[in-house]
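K.L.:
The structure follows.
The values are calculated or read from the model by the stated rules, or taken from the named source; none is laboratory data. Nothing here was measured: the structure is a model prediction, and the numbers come from that model. Note that each Cβ is placed from the backbone with ideal geometry, even for glycine, and that neighbours are counted across all protein chains shown.
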């Protein structure tokens, strides 16, 4: 009974949230002088996620498996890192269509030669080991070497770890989008620079 009440209280708290959300959008162009660098952690195993493995993402934390299958179906790819057979980290790349940044209440077209890095997550036990930065660098290397010219990524202002990973990989701040969060909905208030 107590567990049920906690879940209800948590849901009410999420729905009652009213706050300003700032999303930092970053850009990196191959023409900006990007240079490939190999991840220095040799005990990790890289793997591209196949549809049959989408359920493994639950090992890192909550994930909507049906959403993962939709992403793979539209052509997105998911990079995973495992350590000693345990899934430690994953991150997604979208290369076509429109990319939706829910927290910024905006959907942007993906132009030819562009890709968006999004929804990366590290298992609690695997944090502070550089997996996020290594994954971003691997995504950049793979995409720039296969002909893509510009990578985009974003992080909430409060997510300093993600912002450090992105900036450490060479991305530069391109825009800050301000939105109002009311419960689970977002309303864009302002977007500077390119939007």
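K.L.:
From the set of residues in the stretch 80-92 that are more than 13 Å from residue 56 (Cβ to Cβ) and touching a helix residue (DSSP H, G or I) at 6+ places or on another chain (Cβ under 8 Å), which is surrounded by the fewest Cβ atoms within 10 Å (Cβ to Cβ)?
P.N.:
Ranking the candidates gives 83 first.
K.L.:
Among (1) closer than 22 Å to residue 30 by Cα; (2) touching a helix residue (DSSP H, G or I) at 6+ places or on another chain (Cβ under 9 Å); (3) surrounded by fewer than 18 Cβ atoms within 10 Å (Cβ to Cβ), where does residue 97 come up short?
P.N.:
Checking residue 97 against (1) closer than 22 Å to residue 30 by Cα; (2) touching a helix residue (DSSP H, G or I) at 6+ places or on another chain (Cβ under 9 Å); (3) surrounded by fewer than 18 Cβ atoms within 10 Å (Cβ to Cβ), the one that fails is (2).
K.L.:
Among the residues of the stretch 68-103, which ones are over 14 Å from the mean Cα position of the chain (by Cα) and within 26 Å of residue 179 (Cα to Cα)?
P.N.:
If the condition is that a residue be over 14 Å from the mean Cα position of the chain (by Cα) and within 26 Å of residue 179 (Cα to Cα), then 96, 97, 98 are the ones that fit.
K.L.:
Looking only at the stretch 62-102, which residues are under 28 Å from residue 190 (Cα atoms) and without any contact (Cβ under 8 Å) to a residue 12 or more places away in the chain?
P.N.:
Residue satisfying the conditions is 100 alone.
K.L.:
Which residue is modelled with the lowest pLDDT, if the candidates are limited to the stretch 21-67 and must be over 17 Å from the mean Cα position of the chain (by Cα), within 23 Å of residue 164 (Cα to Cα) and surrounded by 15 or more Cβ atoms within 10 Å (Cβ to Cβ)?
P.N.:
This residue is 39.
K.L.:
How about the stretch 139-181: which of its residues are surrounded by 13 or more Cβ atoms within 10 Å (Cβ to Cβ) and farther than 20 Å from residue 93 by Cα?
P.N.:
Answer for the stretch 139-181, where residues must be surrounded by 13 or more Cβ atoms within 10 Å (Cβ to Cβ) and farther than 20 Å from residue 93 by Cα: 157, 176, 177, 178, 179, 180, 181.
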